[in-house]
Amino acid sequence: MAKGITVRELADAYFTVHCTHPVTQKSGRYHIRPVLRLVRGWQARRLKPQHISEFMEGQRQLGVSLATAVLRAKLLLTILRWGVGTGRLASNPLEGVRFPRPRARRVMPPTLAEARRMRDVAAYHVARVITLGMMAGPRIGPSELFKLRWEDVDLDAGIIRMPNARKGARAESRLIPVRDDVLPELRRWWEEDAKIDCPWVIHWQGKKVMCIGHAWHAARKAAGISRVITPYSLRHAFPTSALEYDADIKAVAEIMGHSDPSMLLKTYQHIKWKQLKKAISAGPGLGK
């Protein structure tokens, strides 16, 4: 046990030994950086709850959202707990610290017009993500869409065998029918990728994609969209649009890989003005 181990040394060990996934490690190191700037070369065992309070206040003054500040502070706690669990630290000096609960932010998913504008200016791999994301709402990332291979696509039958994320799904994949207007585009992609013998549907120059954050926001800005839209919001856009046009909720849930259809209404459906107007006018009025 290293009694004098510093917070920085502990964080480096955590990301080197435990958190080795490239994307997760990059994100984690980015978010722990502001914490390390505050504690500098302090020994981990000398941290106190007041230091968390100072960190949270400093983040607030910098304009950092409460959700992001809490995420960063909780990452520090995760690292400390890992240090205790691996014998690098005798005890967690911040155990029991409580954090304020950020207010949930509902970000409206991209509209069809916004998605079209982004697709028209995006790099080809982001354009593919937008097309398939708006079509079927898969999880945008390594757990589903980025795992999709051409061997999972049956162009003759017009079916995609989408890999299921490991979130309690009973099967490894689910069948998704391809929209008639998307099928020609899929055929064109397949012809392009066959020339370079690329097995991945979402790729960059033949290499598997793990993250599209930079290219995504470049496309968003090029499309003239200033509001926040993330790649994952495509997963919200599909059910929102489908349910607005009276699609069967069980069918939408099955396409998205949800065993419980109520999940859609709780999490993914963003009520639009037309639906609010319909609801407010559903019953008879007082009249004259």
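The values are calculated or read from the model by the stated rules, or taken from the named source; none is laboratory data. Note that the coordinates shown come from a computational prediction; the quantities given were computed from them, not determined experimentally. Here the Cβ is made from the backbone with ideal geometry for all residues, glycine too, and neighbour counts use every protein chain on show. All accessible areas refer to the heavy atoms of the entire protein, side chains included, with ligands and DNA or RNA removed. Shrake-Rupley method; radii C 1.70, N 1.55, O 1.52, S 1.80 Å.
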Candidates Arg188, Arg179 - the one that is in a loop (DSSP other than H, G, I, E, B), more than 30 Å from Lys26 (Cβ to Cβ) and free of Cβ contacts under 8 Å to residues at least 60 places away in the same chain: Arg179
Arg8 surrounded by 15 or more Cβ atoms within 10 Å (Cβ to Cβ) and within 23 Å of the chain's Cα centre (by Cα): no
Pair list, Cβ < 6 Å and 6+ apart or interchain, from the stretch 31-47 residues that are closer than 23 Å to Gln61 by Cα to residues that are open to solvent by 50 Å² or more (accessible area, probe 1.4 Å): Leu36/Arg8
Subset of the stretch 126-165 [open to solvent by 10 Å² or more (accessible area, probe 1.4 Å), under 18 Å from Thr240 (Cβ atoms) and not in a loop (DSSP other than H, G, I, E, B)]: Thr131, Met134, Met135
Residue satisfying condition, being in contact with a Pro (Cβ under 8 Å, 6 or more places away or on another chain) and β-branched (Val, Ile, Thr), within set Ile202, Ile212, Ile196: Ile212
Selection within the stretch 39-59 - surrounded by fewer than 17 Cβ atoms within 10 Å (Cβ to Cβ) and either at pLDDT below 85 or among the hydrophobic types (A, V, I, L, M, F, W, C) (or both): Arg40, Gly41, Trp42
Selected residue (criterion: nearest to Met256 (Cα to Cα)) from residues of the stretch 175-225 that are open to solvent by 80 Å² or more (accessible area, probe 1.4 Å) and hydrophobic (A, V, I, L, M, F, W, C): Leu175
